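Engineer: Quick one: structure below, then a few questions.
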Amino acid sequence: MKPEYQVWAEELKKEFPNANSALMPLLHRIQTEEGWLSSEVLDEVAHLMGLSTQYVESVASFYSLFYQRPVGKKVVHVCVGLSCMLAGSDEVMHRLEQKLGISEGETTPDGAFTLLEAECLAACDLAPVAQVNLRFQGPIHPDEAEALLSEEVSKQ
Amino acid sequence: MSQASHYLLRNHDIENIDEMAVYRAHGGYEALKKALNQYEPDALVELVKKSGLRGRGGAGFPTGVKWGFLPKDGRPRYLVVNSDEAEPGTFKDRELIEKNPHQLIEGMIISSFAIGANQAYIYCRGEFLFGYETLVRAVREAYEAGFIGKNILGSQFSLDLFVYRGAGAYICGEESALLESLEGRRGNPRLKPPFPAVAGLYGMPTIVNNVETISNLPPIVTRGAEWYASMGTEKSAGLKIMSVSGAVNRPGNYEIPLATPLRSLIDDYAQGMKPGYRIKCIIPGGSSVPLLMPDQLDTPLDYESIVKAGSMLGSGGCIVLDDTVCIVKASHRLIKFYREESCGKCTPCREGTYWMADVLERMEEGLGDANDLSLLMDVADNISGKCFCPLGDASIGFLVSAIKHFRDEFEAHVTEHRCPLGAKVYDTANN
Ligand SMILES: Cc1cc2nc3c(=O)[nH]c(=O)nc-3n(C[C@H](O)[C@H](O)[C@H](O)COP(=O)(O)O)c2cc1C
Ligand code: SF4
Ligand code: FES
């Protein structure tokens, strides 16, 4: 556990009239650093926040962007929302599954990619759209779906 | 109709208006000066009432009236801006925060002054990483320029503003679930009443407004309530941003005077259907609303006219379904959305969305049986009006109208044991 986590927790608590509100910002900040939120990390966060571990786990598990399992270096979210479906997102997902040899929801054995479905990403003008580490890419022609995987993206 | 100028989407006319210097060079933060120098807070609330501005997050509640509900009891008050935009087909708030963040921030400062809040929050959808970074940067610029902080522009008014990141949950767009999330909890909706105006964030009086709603404040203060009310109709005044997607030539966000006909939105603004595609039906206001048919294209896009036509303006997410789209597959997709996003708190919503998704899936695969259509209607009936929050009802809006208008197509899936449109069923892990 890094010593700066305690500094972050104290900083964030001061931003709110009620310190409890610092929980999600702290989880975000630590996940950006660690890549995912292990149960040891959640335990530490609970300690820093003065909350129970069960409470912190129940909050983290409610939100799909808090990863409680290790994820790949690149997390690819393919939007499967209705507008993207109309524009061919099924085919985009299919091609990526074939290329990576994994199914939606899984991570490649080398830890390079995690492939996930996203609901409407509020970018239907770019349909079909995807995010790589939450950076938007689109419109994606199914034939060019694989290019997504070599896209250079900053760490989220 | 390519518009010469915009009032809300000025980023279409002015490059880099997301930057403080550019925003100010085009009159930015002048509305804030005017509000602080020429108005008492109550007079601003009156101005917003007179403008006729209604909430753009979906429900269309008159904004000034909502502000008037705050109890005058000296407790701290909060402004919370809802930037959790996730209603399928809607993408206007994302453009507003990414491309014109200072307009929102200026609107928030004016609104906070009007309602007497010294603390304001933007709840930004977790997936909007760039939008979040843009807002954080713009808020810092506004602090540095003295527009946020202590004694703003030499006045008695002080304000702190914090950008809060959600983490992936559609239900957190519902205002009481949003407040739960902002307090560091799971995003389960709260029982209403009390409404947030009476007991909101940390139990204090709180105004929750949509990004687009608050982005209207600078132009209304600059140009006046009469100007705003002169557009649209008496009950549906002003401007609305419509997000258009589907097989149109130019998908995108369009700022229209309310009561612009649906046909004009599709043909003039979005420049019509792509060659070879015809309209099958239209979802005019985000995935939670009933569909409209091609013979209803003359419907004016205002709150009352759309209700009369059998649907709702909702969030303004206009999805055009073309004649190649299978109605069962589209319905299945939308029900899966609600199934994924149900918070699980109440049974009809949690179980019903699962059930409906299963039935629609087997229908689409040609495995449905003769009872499936009435089963769907039964489940929908058991959801309708029986859920804790509006997500339950939202889940069946499209489906029920689809069965009404396209019953033959649903039945053909069962009798022909296949999709009559030949829609491909993908065998992916999570289907
Ligand atoms: C399931 C559900 C999701 C919602 N999602 C949003 C949303 O993403 N953005 C939004 O502004 N309002 C959303 N709303 C409406 C809010 O509850 C609330 O009415 C709105 O933010 C009020 O702002 P307004 O009066 O300015 O429209 C949602 C409502 C429900 C029931
Ligand atoms: S209707 Fe659905 S989303 Fe709303 S409280 Fe019930 S389970 Fe949760
Ligand atoms: S459906 Fe994919 S961004 Fe809206």
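Engineer: Just how much of residue A:80 is accessible, in Å², when a 1.4 Å probe is used and the result is rounded to the nearest 10?
Structural biologist: 10 Å²
Engineer: Report for the protein assembly as shown the percent antiparallel among DSSP-assigned beta bridges with both residues inside it, nearest 5.
Structural biologist: Values: 23 of 50 bridges.
Antiparallel: roughly 45 percent of the beta bridges in the protein assembly as shown.
Engineer: Quick one: Karplus J couplings for segment B:338-353, per residue in order, coefficients 6.51, -1.76, 1.60, θ = phi - 60°, nearest Hz, x for Gly and Pro?
Structural biologist: 5, 4, 5, 9, 4, 7, x, 5, 10, 5, x, 6, 5, 7, x, 5
Engineer: Placing +1 on the Cβ of each Lys and Arg and -1 on the Cβ of each Asp and Glu in the protein assembly as shown, which of A:103, B:269, B:68 has its Cα farthest towards the positive end of the resulting dipole?
Structural biologist: Toward the positive end, the furthest listed residue is B:68.
Engineer: Taking the Cα centre of the protein assembly as shown as origin, work out the dipole magnitude from +1 charges on Lys and Arg Cβ and -1 charges on Asp and Glu Cβ, in debye rounded to 20.
Structural biologist: So the dipole magnitude of the protein assembly as shown works out to roughly 1600 debye.
Engineer: Need the C-alpha centroid separation for segment B:16-31 versus segment B:175-239, integer Å.
Structural biologist: That distance is 24 Å.
Engineer: Okay, next question. Taking the DSSP beta bridges in chain A as the whole, what percent of them are antiparallel, to the nearest 5?
Structural biologist: Details: 7 of 13 bridges.
Around 55 percent antiparallel, to the nearest 5.
Engineer: Now for a different question. Need the per-residue list for segment B:147-180: every residue with at least 50 Å² less accessible surface in the complex of protein chains than in the chain by itself, probe 1.4 Å, sorted by number.
Structural biologist: When all protein chains are present, B:162, B:164, B:165, B:167 each give up 50 Å² or more of accessible surface.
Engineer: So what does the Cα-only Debye profile of segment B:327-430 read at q = 0.22 Å⁻¹, as log10 I(q)/I(0), no solvent term?
Structural biologist: Summing over Cα pairs of segment B:327-430 leads to -1.13.
Engineer: If all Cα-Cα distances of chain A are sorted into 10 Å bins from 0 onward, what percent lands in each bin, rounded to whole numbers?
Structural biologist: The percentages, shortest bin first, are 11, 35, 28, 20, 7, 0.
Engineer: Additional query: Quote the charge dipole size of chain B about the Cα centre in Debye, to the nearest 20; the model charges only the Cβ of Lys and Arg (+1) and of Asp and Glu (-1).
Structural biologist: Dipole size: approximately 940 debye.
Engineer: Can you give the angle from 0 to 90° between the axis of helix B:372-383 and the longest principal axis of chain B, with both taken from C-alpha atoms, to the nearest 10?
Structural biologist: Value to nearest ten degrees: 30.
Engineer: At 20 °C and 1.002 mPa s, what whole-number value in µm²/s does Stokes-Einstein give for the translational diffusion of the protein assembly as shown, with Rh from the Kirkwood sum over Cα pairs?
Structural biologist: On the way: Rh = 24.5 Å.
Approximately 87 µm²/s, per Stokes-Einstein.
Engineer: For segment B:241-290, state which residues have at least 20 Å² less accessible area in the presence of all protein chains than in their chain by itself, taking the probe as 1.4 Å and leaving out ligands, DNA and RNA.
Structural biologist: The answer is B:245, B:251 - residues whose exposure falls by at least 20 Å² when every protein chain is included.
Engineer: Can you give the accessible area buried between chains B and A, summed over both chains, with a 1.4 Å probe, in Å² to the nearest 100?
Structural biologist: Numbers: alone 18020 and 8800 Å², together 22630 Å².
Roughly 4200 Å² of accessible surface disappears when B and A pair.
Engineer: Mind giving me the FRET efficiency for residue B:426 and residue B:274? R0 is 22 Å, r the Cβ-Cβ distance, nearest 0.05 is fine.
Structural biologist: Details: r = 23 Å, r/R0 = 1.05.
The pair residue B:426/residue B:274 has a calculated efficiency of 0.45.
Engineer: Over segment A:74-151, what is the relative contact order in percent, taking alpha-carbon pairs closer than 8 angstrom and at least six residues apart?
Structural biologist: On the way: 138 pairs, mean separation 32.1, N = 78.
Worked out over segment A:74-151, it gives 41 percent.
Engineer: Grab the beta carbon distance between residue B:223 and residue B:15, set R0 = 25 Å, and tell me the FRET efficiency rounded to 0.05. If you can, show how the numbers build up before the last one.
Structural biologist: On the way: r = 23 Å, r/R0 = 0.91.
Plugging the Cβ-Cβ distance into 1/(1 + (r/R0)^6) gives 0.65.
Engineer: Please check segment A:79-98 for residues whose accessible area, probe 1.4 Å, is lower by 40 Å² or more when all protein chains are in place than in their chain alone.
Structural biologist: Residues passing the criterion (a loss of at least 40 Å², heavy atoms only) are A:82, A:83, A:85, A:86, A:90.
Engineer: Just the Cα atoms of chain B, one point each, no solvent: what log10 I(q)/I(0) does Debye give at q = 0.09, 0.13 Å⁻¹?
Structural biologist: Debye output, listed in q order: -0.57, -1.14.
Engineer: Right, another one. Under a 10 Å cutoff between Cα atoms, tell me which one of A:96, A:27, A:86 has the largest fluctuation in the Gaussian network model of chain A.
Structural biologist: Its mean-square fluctuation being the largest, the pick is A:86.
Engineer: Tally the DSSP beta bridges in segment B:1-160 and give the antiparallel ones as a percent, rounded to 5.
Structural biologist: On the way: 2 of 9 bridges.
Beta bridges within segment B:1-160, antiparallel portion: roughly 20 percent.
Engineer: Send over a whole-number figure in Å² for the accessible area per residue of chain A, probe 1.4 Å. Kindly include the intermediate steps, with their values, before the conclusion.
Structural biologist: Details: 6640 Å² over 156 residues.
It amounts to 43 Å² per residue over chain A.
Engineer: In square angstrom, what is the accessible area per residue of chain B with a 1.4 angstrom probe?
Structural biologist: On the way: 15990 Å² over 431 residues.
Ligands and nucleic acids excluded, the figure is 37 Å² per residue.
Engineer: Right, here's the next one. Which whole number of Å³ per residue matches the convex hull of the alpha-carbon atoms in segment B:239-322?
Structural biologist: Working: hull volume 5.8 nm³, N = 84.
Convex hull of Cα atoms, per residue: 69 Å³.
Engineer: Rounding to the nearest 10 and keeping the result within 0 to 90°, find how far the Cα-based axis of helix A:23-34 lies from the longest principal axis of chain A.
Structural biologist: That helix lies at roughly 60 degrees to the long axis.
Engineer: Can you give me the C-alpha center-to-center distance between segment B:284-319 and segment B:357-431, rounded to a whole angstrom?
Structural biologist: Going from one Cα centre to the other spans 21 Å.
Engineer: Sticking with this structure for a sec: Quick check: net charge around residue B:118, other residues with Cβ under 13 Å of its Cβ, Lys/Arg +1 and Asp/Glu -1?
Structural biologist: Working: positive: B:75, B:77, B:150; negative: B:160.
Local net charge: +2.
Engineer: Report in % the part of the accessible area of the protein assembly as shown that belongs to carbon and sulfur, leaving out ligands and nucleic acids; probe 1.4 Å. Could you put the intermediate results ahead of the total?
Structural biologist: Numbers: 11210 of 22630 Å².
Carbon with sulfur: 50 percent of the solvent-accessible area.
Engineer: About the Cα centre of segment B:3-229, how large is the charge dipole given +1 on each Lys and Arg Cβ and -1 on each Asp and Glu Cβ? Please answer in debye to the nearest 20.
Structural biologist: On the way: 25 positive and 27 negative charges, 114 e Å.
Using only the charged Cβ atoms, the result is roughly 540 debye.
Engineer: Against the longest principal axis of chain A, how steep is helix A:89-100, in degrees 0 to 90 to the nearest 10, with axes from Cα atoms?
Structural biologist: With both axes taken from Cα atoms, the answer is about 80 degrees.
The values are calculated or read from the model by the stated rules, or taken from the named source; none is laboratory data. Quick caveat: nothing in here was measured; it's all calculated off a predicted structure. FYI the Cβ positions are ideal-geometry reconstructions off the backbone, even for glycines, and counts take in every protein chain you see. Just so you know, the surface numbers come from the protein's heavy atoms only, side chains and all, with ligands and any DNA or RNA stripped out. Shrake-Rupley method; radii C 1.70, N 1.55, O 1.52, S 1.80 Å.
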